[in-house]
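All of the numbers you see were taken from the coordinates with simple rules; none came from a lab. All figures in this text were calculated on a predicted structure; none of them were measured in a lab. Glycine gets a Cβ as well: all are built from the backbone with ideal geometry, and neighbour counts include every protein chain shown.
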There are 2 protein chains.
Amino acid sequence: MPDAADPAPMNARRKFRREGEERRRQDLIEATLDSVAEHGLEGATLRTIALRADVTAGLIRHYFPGKEELLQEAYTALVGRMTEQAKAALVMEDASPRQRLAAFVTANLNAPIIDARVFSLWATFLGRASADPTLARAHREGYLGFRNEVEAVVAEVLAAEQRKPDASQLRHHAIAINAIIDGLWIEGCLAGEMFSPGELAAIGIKTVEAELGLAPEREENQ
Amino acid sequence: MPDAADPAPMNARRKFRREGEERRRQDLIEATLDSVAEHGLEGATLRTIALRADVTAGLIRHYFPGKEELLQEAYTALVGRMTEQAKAALVMEDASPRQRLAAFVTANLNAPIIDARVFSLWATFLGRASADPTLARAHREGYLGFRNEVEAVVAEVLAAEQRKPDASQLRHHAIAINAIIDGLWIEGCLAGEMFSPGELAAIGIKTVEAELGLAPEREENQ
DNA sequence: GGCCTTGTTATGCAAGTGTATAAATAGCCT
DNA sequence: AGGCTATTTATACACTTGCATAACAAGGCC
C-alpha cells in the first residue's frame, strides 16, 4: 500500500552501475547488432538499442560520437567475428591439405556460421555498403582476407598433388571456391530447413573438389 | 518584375496531370526502388519517394494502403523482374543443352543482371525478410523458380550425355550450380572492377561444367 | 567519512515521420 | 460549354527520431 508512510520517493531515479568502458562499448555494440537483426536499420533506434543494453539512450552519446559511428563499429565487429570464425577452422595440425580444405568448407556450411541472424545482419549492412564507403571498406577487407585464406589452402592442396598452377589459375580457383561457399551459405541461412543436416557441407566439398579437379575420394557413381 | 500587376497568384497551387492508374502505380514503385537503393529502407521516406515520382506525398496513400504495402509490392516487382531476366537467357532455339547452360551462366554474370543497384536492393530487402513473412515469401518463390529452371537445364545437359542421374543427384547439382551463380553474382556486383570483362562468366562456366563432370571443351591445360 | 570525478540518467527540442482529412482542379461526359 | 467525379494537392496532427544539455549519484581517493 503505497501511502504517505512509504519512504521510497515515487519518482525514484533509475539505479545504475558503472561498468568498465570496454565492457559498456561491447554491450552497446551487441545490443546494436541485436536491434538491427530484429528490426532492420530503420527500426534500430537509439532508444531501442539502449533499452536492449539496459541503459538509457543518452549514454550512447557518451561512448560514440553519433549513431552512424555506432553502426559502423558494430558492422566492423561483425565482419571481424565472421572471418575469424571461418579462419579458425583452418588451424588443424597434422592433417592433409585436402582434409583441411574439407574441414574449412564444412565449418563454413554449418552452425554457427550458417545462422539466420548473422545473415540478416550481413545483408542489411551490405545493402547500405554501396552508399556508405566506410561500410564498403569494412566488407572489402573481410572479403579479401577470406579469399586469400582460400587461395592459400588451394595452393597447398594442389602442391600436394604435384600440380603447379600459375597465379592466374590460382586466383580463378579461389574466386570460384569462394563463390561456392558464399552461395551455399546463403541458401543455408535463408532456407536451412530445406536441407538435411550435413547436406550442404557434402555438396560443398564435392563441388569444390570437382572445381579443383581432384579425383573422387572412393565411390564412383556417375 | 513580380508586382501588383502580376496576374499570377503568388501562392499558386501546384499544377498536375492525371495519369492512368497503372502508370502511376508503376512510377511510384520505381521511385520506391530508387529511393531504397540510394538511401536504404531507413532513408526511403514517403516524401522522398513522392519527390522522385514528381508527386506529393499524400498521393501515395491513394494507391497504397500504407508504406509497408508499397515496399512489399516494390520488392515483389523487383524479384519478378530479376527472375524474368534470368530465365530469358534460356529461350534459345536450336542450341545444344550445353550451349544453353553456358549462355544462362553468361547472362547471369554480366550486365544488366550484374548491377550494383539491383544488388543493393536485393540485400536490403533480404535483410528484412527474416522478420517480414511477406518479403520472405516473395524471395522464396523467386528463388525456387530460379532453381527449378537450373534443374531443368541440367537434366537436359546430362540427358544429352547419356547420363541418367536420379532425383537426388539432380537436386544436388541444381543446388550447387545455383550457389556458384549466386556467389559469383555477388562478387561481381560488389567488386565488379576487380574482374576483367567476361572473366566471371568464364569462371562460372568452367566451374559449373566441372561440377557436372563435363569434359573440358577443347584445350586441356592442367 | 566526505569529496570529486565522470559515468549515467532525465528532460527538452527541433526536425522529420506516417497517416488522416479537407480543399482544389483536371479531364471526361453529355 | 458546363458540371461531376475522382485524382491530386495542401494542411494538420500526433508521434518518433537523433542530439544537446543539465541534474544526479556511484565509487575511488584522501
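Taking Cα centre as origin and charging only the Cβ of basic (Lys, Arg, +1) and acidic (Asp, Glu, -1) residues, the dipole magnitude of the range A:18-151 rounds to 160 debye. From largest to smallest, the equivalent ellipsoid semi-axes obtained for the protein assembly as shown from the alpha-carbon gyration tensor read 44, 33, 19 Å. Using Cβ point charges alone (K and R +1, D and E -1), the dipole size of the range A:17-64 about the Cα centre works out to roughly 260 debye. With helices as the sole contributors, the protein assembly as shown gives -22000 deg cm²/dmol at 222 nm; each DSSP H run of n ≥ 4 counts as -39500 (n - 2.57), and the sum is divided by every residue.
Could you tell me the distance between the Cα centroids of the range B:23-80 and the range B:104-144, to the nearest Å? The range B:23-80 and the range B:104-144 have Cα centres separated by 18 Å. Of the residues A:26, A:45, A:63, the one whose Cα sits farthest towards the positive end of the charge dipole of the range A:17-64 is A:63 (charges of +1 on Lys and Arg Cβ, -1 on Asp and Glu Cβ, taken about the Cα centre).
Suppose R0 equals 35 Å. What FRET efficiency, 1/(1 + (r/R0)^6) with r the Cβ-Cβ distance, do residue B:92 and residue B:171 give to the nearest 0.05? Rounded to the nearest 0.05, the efficiency is 0.90. For the range A:36-49, backbone phi angles converted through the Karplus equation (6.51, -1.76, 1.60; θ = phi - 60°) give residue-by-residue couplings of 5, 4, 7, 10, x, 4, 5, x, 7, 8, 4, 5, 4, 4 Hz, Gly and Pro being listed as x. Net charge around residue A:17, counting only other residues with Cβ within less than 13 Å of its Cβ (Lys, Arg = +1; Asp, Glu = -1)? Around residue A:17, the surrounding residues sum to +2.
The dipole here belongs to the protein assembly as shown: it is taken about the Cα centre, uses +1 on the Cβ of Lys and Arg and -1 on the Cβ of Asp and Glu, and is about 1420 debye. Normalising the Debye intensity of the range B:72-212 to I(0), with uniform scatterers on Cα atoms only, and taking log10 at q = 0.15, 0.21 Å⁻¹ returns -0.77, -1.33. All other residues whose Cβ lies under 10 angstrom from that of residue B:213 are scored, Lys and Arg at +1 and Asp and Glu at -1, for a net of -2.
In chain B, the longest principal axis of the Cα atoms and the axis of helix B:133-160 are about 30 degrees apart.
Axis angle, to the nearest 10 degrees, between helix A:97-108 and the longest C-alpha principal axis of chain A: 30 degrees. Among the GluC sites (Glu not before Pro) found in the range B:112-168, those both in a DSSP coil and sparsely packed, with 15 or fewer other Cβ atoms within 10 Å of their Cβ, are B:161. Do you know the Lys pair count in the protein assembly as shown for C-alpha distances under 29 Å, with sequence separation 8 or more or different chains? Value for the protein assembly as shown: 14.
FRET efficiency for the pair residue B:18 and residue B:51, taken as 1/(1 + (r/R0)^6) with r the Cβ-Cβ distance and R0 = 22 Å, rounds to 0.70.
For the range A:90-180, relative contact order (Cα pairs under 8 Å, six or more residues apart, normalised by length) works out to 27 percent. Working note: Karplus 6.51/-1.76/1.60 with θ = phi - 60° gives the range B:183-193 the couplings x, 5, 4, 4, 4, x, 5, 7, 9, x, 6 Hz, where Gly and Pro are set to x. Applying both filters, DSSP loop and at most 16 other Cβ atoms within 10 Å, to the GluC sites (Glu not before Pro) of the range B:25-122 gives B:93.
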